[in-house]
Amino acid sequence: MFIQFIAKNVQYPATAFEKHEHGKVYVQFVIAADGAVTNATIVRSVSPSLDTEALRVIRLSPKWRPGLQNGKAVAVNFTVPITFNLGLSAQKTDTTGANTDTTILQACEIEPQFPKDGIAGFYHFLQKNLKYKTGDGLVRISFIVEKDGSLTNINIVRSAGPERDAECIRLIKICPKWIPGIQDGKPVRIQYTIPIAFGNN
């Protein structure tokens, strides 16, 4: 999967680490008719060093399967976020007085996956179960994939109106458990943010 390719190849720049720079760099690129990744540009910047690393990783990408239109290969535009996160760590005490690790990451060695067909299967699940289909709109919703694969801490990052927002929250709540993310051979909590489109968005 492309997400795994990014997680495997991205390297946190030393200067960015020292300055505690973090965030999501959005990279736009074109998958040419021959599957090559071309014209990579930054559409949302975080810092020069993180932007440079994001472009480097995208340009490393092997060829994709090209998009098809009327049976012919065509060039397709893509925009992907590459997350740089130093790790959000906290400790909480449960009722027994023991410390419980509540670390939340935004990238890991093996990204969490929807149990059937990965991200493609997840979007198929969303489209299959979507009830509110009136009008256009784009909702961005975040959630945490827990160590057991359950989805928690559901929040609207970008709203498209109360009804669409509520429908997106409902979809995430009925979603089956994911395969959790893995870091250093152990399951970890991962924050995920996805777009859900209504209409032609």
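The values are calculated or read from the model by the stated rules, or taken from the named source; none is laboratory data. This structure is a prediction, so every number in the text was calculated from the model and none was measured. A quick note on method: Cβ atoms are made from the backbone with ideal geometry, for glycine too, and the neighbour counts reach across all protein chains shown.
Only one entry in Gly118, Gly161, Gly149 is in contact with a strand residue (DSSP E or B) (Cβ under 7 Å, 6 or more places away or on another chain), surrounded by 15 or more Cβ atoms within 10 Å (Cβ to Cβ) and small (Gly, Ala, Ser), namely Gly149.
Here is a check on your reading of the model: is Val37 touching a Leu at 6+ places or on another chain (Cβ under 7 Å) and modelled with pLDDT of 85 or more? Talk me through it step by step, then tell me what you get.
Working: touching a Leu at 6+ places or on another chain (Cβ under 7 Å): no; modelled with pLDDT of 85 or more: yes.
Here the answer is no, as Val37 does not meet what is asked.
Just give me the residues in segment 170-180 being without any contact (Cβ under 8 Å) to a residue 40 or more places away in the chain and either surrounded by 16 or more Cβ atoms within 10 Å (Cβ to Cβ) or in a loop (DSSP other than H, G, I, E, B) (or both), in sequence order.
Ile172
Count of segment 90-127 residues, restricted to those that are more than 20 Å from the chain's Cα centre (by Cα) and either modelled with pLDDT under 50 or closer than 30 Å to Phe198 by Cβ (or both), is 11. Within segment 132-145, is there a residue that is more than 18 Å from Glu109 (Cβ to Cβ), at pLDDT 85 or above and part of a loop (DSSP other than H, G, I, E, B)? Within segment 132-145 (the criterion being more than 18 Å from Glu109 (Cβ to Cβ), at pLDDT 85 or above and part of a loop (DSSP other than H, G, I, E, B)), the answer is no, since none of the residues qualifies.
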